[in-house]
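In what follows, a structure is listed as structure tokens, so that the remarks can point back to it.
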Amino acid sequence: MTDQSPAPRLAAANQEGVLPYDRSRVTPGIVHIGIGAFHRAHMAAYIDDILGSDPSWGIIGASLRRPDTRDALEPQDFLYTLAIRSDAGTSTRVIGSVLDVLDANTQRDELIRAMTDAQIRIVSLTVTEKGYCHDPATGSLDESHPDIVRDLAHPETPVSAPGLIVRALELRKAAGIPSFTVLCCDNLPANGETARRITTQFAALQSKKLADFIERDVAFPSTMVDRIVPATTESDRRAVFEATGLWDAWPIVAEPFTQWVIEDEFPLGRPMLESAGVQFVTDVRPFENMKLRMLNGSHSTIAYLGYLAGYEFVNQAIAEPAFRALIHDLMTEEVMDTLPPGIGDLAAYRDALLDRFANPALQHRTWQIAMDGSQKLPQRLLETIRDRLAGNLPVTRSALGVAAWMRYVTGRGEHGGEIDVKDPFASQLRAIADKAGNDPDRLVDGMLRVKEIFGNDLAADQSFRAELGKHLSSLYERGALATVRNLVRSSAFSPRL
């Protein structure tokens, strides 16, 4: 990220009258932990839409690992540009809902003070799957996680998201301040219940009384969030500068589509986000499963196969007819019948997803989507596979996505080049791959032994093993593109797009 400003920098001084509300009247009502690109393109934009009618819902952001976001946004008064990009062109808007960003490493006391302030009624999170310090196969707290071990030894100075939340709730309780709502905005199954379980399990390791209080007194509504947000590049910064005439150190680029479904459980009140298009429901699980399995499962499948095939961007991969047919059939033949009725027109949702993947303006890198696959596979692909295996149904296409992940995390590309695998299990997975060599069956056996990802059940399913072995053999012998083309040719399902 560059620090050079070739022109006047985006700041409050040169934005008077640009925001549709008086930012000086905005006060914080939300602390958001994990203020990355997705949050700034999604929740922060929704909040920005309602501040004109209710300015009491400004956001204090917090970064758990690095001060990059604070350092980039502080000189521009925490304003930033949201660029909405499609093949029809790009539109820009300035977002003013973020009032401050704190670095948890150097401003931990300030962050905890903010979370214990009575005006904060919601603490929200987008810390990615690995930020919950949990076992993704079970959804339970990983008590051996280094951050959890550290926070249990030093509960007054936590570094993990569960530790911060428990500490702030404990201090609010002691001060007689009602508990905030914990709003999880990550792609986790039943994400509110997962956040509740992890938080109460962590609290129970300190005090059963504290855990009982959290279980009884704190709301954890589940959510479904959706928007494709690629990582910002230098060319994005230049494009925003050319469009606005102001230098923005960290603009955000996103697709036009955005969706947010939330269970309506907010004891201290909530922003009237329905006016901005948010859907409030009593049970978010059907919508969450639809998105995780159709969008995220397809996205991961494209990412691993596409990267191996040499495609840098998602739109390049989906432009290949065989890839588009594979993803169409994955959703149609293997995912859609695992979803419950009553959540809308799934065929229309599928077609909209294919169009979104094909958006050439986003430049969403397959390598970026491929990150942290060990944390993502259980929700995105393995639950679909479990449901189909339970019904004695084929898992051909979804198993190909898993096999492509196994091939990807070996760290060796199709032409011998190194793959920069970003994953909490990267070293363990590479060791398994090195031991297996180029033997597909040994690689399958080694990977399925990682119970934190696959649990105990999938390793014992011989039909699943056979599919993985078949696909891996083809990936090694033919390569990803030829494997996809061969599967599509041999499929009995037609017509496709």
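Some points to look at:
- Looking only at segment 427-436, and only at residues there that are buried (at least 16 other Cβ atoms within 10 Å of the Cβ) and among the aliphatic types (A, V, I, L, M), the one that is nearest to Arg365 (Cα to Cα): Leu429
- Lone qualifier among Arg40, Arg93, Arg113 - being under 27 Å from Gly17 (Cα atoms), at pLDDT 95 or above and assigned to a helix (DSSP H, G or I): Arg40
- Single condition Thr92 does not satisfy, out of (1) within 18 Å of Ile30 (Cβ to Cβ); (2) of a type in the set (Val, Ile, Thr); (3) surrounded by fewer than 20 Cβ atoms within 10 Å (Cβ to Cβ): (1)
- Tabulated pairs, segment 294-313, first of a type in the set (Val, Ile, Thr), second not in a helix (DSSP H, G or I), C-beta under 9 angstrom, 6+ apart or interchain: Ile302/Tyr311
- Checked against the criterion of being in contact (Cβ under 8 Å) with a residue 24 or more places away in the chain, over 23 Å from Leu389 (Cβ atoms) and out of contact with any Ser or Thr (no Cβ under 8 Å at 6 or more places or on another chain), the candidates Gly413, Gly417, Gly437 yield just one match: Gly413.
- When segment 113-161 is limited to residues that are farther than 25 Å from Trp57 by Cβ and of a type in the set (Lys, Arg), the one that is surrounded by the fewest Cβ atoms within 10 Å (Cβ to Cβ) turns out to be Arg150.
- When Glu110 is tested against (1) closer than 24 Å to Val218 by Cβ; (2) crowded, with 19+ Cβ neighbours inside 10 Å, just one condition goes unmet, and that condition is (2).
- If you go through segment 139-163 and keep only what is part of a loop (DSSP other than H, G, I, E, B), of a type outside the set (A, V, I, L, M, F, W, C) and over 18 Å from the mean Cα position of the chain (by Cα), you end up with Asp142, Glu143, Ser144, His145, His154, Pro155, Glu156, Thr157, Pro158.
- Flag if Tyr307 is crowded, with 22+ Cβ neighbours inside 10 Å, of a type outside the set (Asp, Glu) and not in a helix (DSSP H, G or I): no
- Of the criteria (1) in contact with a helix residue (DSSP H, G or I) (Cβ under 7 Å, 6 or more places away or on another chain); (2) modelled with pLDDT of 95 or more, which one Gln76 fails: (1)
- Residue that is modelled with the lowest pLDDT, among those in segment 1-14 that are polar (S, T, N, Q) and within 31 Å of the chain's Cα centre (by Cα): Thr2
- Checking Ala7, Ala45 one by one, the residue that is loosely packed, with under 15 Cβ neighbours inside 10 Å, touching a strand residue (DSSP E or B) at 6+ places or on another chain (Cβ under 8 Å) and hydrophobic (A, V, I, L, M, F, W, C) is Ala7 and no other.
- Exactly one residue among Ile84, Ile47 is within 20 Å of the chain's Cα centre (by Cα), among the β-branched types (Val, Ile, Thr) and outside any helix (DSSP H, G or I), and that residue is Ile84.
- Qualifying residue in segment 285-295 (condition: in contact with a Phe, Trp or Tyr (Cβ under 8 Å, 6 or more places away or on another chain) and either in a loop (DSSP other than H, G, I, E, B) or among the acidic types (Asp, Glu) (or both)): no
Rundown of residues vs (1) of a type in the set (Gly, Ala, Ser); (2) crowded, with 22+ Cβ neighbours inside 10 Å, yes/no style:
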residue: Phe266; (1), (2): no, no
residue: Gly269; (1), (2): yes, no
residue: Ser275; (1), (2): yes, no
residue: Gln279; (1), (2): no, no
residue: Asp283; (1), (2): no, no
residue: Pro286; (1), (2): no, no
residue: Ser300; (1), (2): yes, yes
residue: Ala317; (1), (2): yes, yes
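- Residue match in segment 407-426 (condition: more than 23 Å from Arg365 (Cβ to Cβ) and either more than 24 Å from the chain's Cα centre (by Cα) or not assigned by TED's automatic domain parsing to the domain that holds Lys376 (or both)): no
- Elements of type helices (runs of 4 or more DSSP H) in segment 173-254, at least 3 residues being in contact with a helix residue (DSSP H, G or I) (Cβ under 7 Å, 6 or more places away or on another chain) and surrounded by fewer than 22 Cβ atoms within 10 Å (Cβ to Cβ): 208-217
- Complete set of residues in segment 420-434 that are more than 20 Å from Gly297 (Cα to Cα), in contact (Cβ under 8 Å) with a residue 12 or more places away in the chain and of a type in the set (A, V, I, L, M): Ala426, Leu429, Ile432, Ala433
- Residue match in segment 152-165 (condition: modelled with pLDDT of 95 or more, in contact with a Phe, Trp or Tyr (Cβ under 8 Å, 6 or more places away or on another chain) and among the charged types (D, E, K, R)): no
The values are calculated or read from the model by the stated rules, or taken from the named source; none is laboratory data. None of the values given here were measured: they were computed from a predicted structure. Glycine gets a Cβ as well: all are built from the backbone with ideal geometry, and neighbour counts include every protein chain shown.
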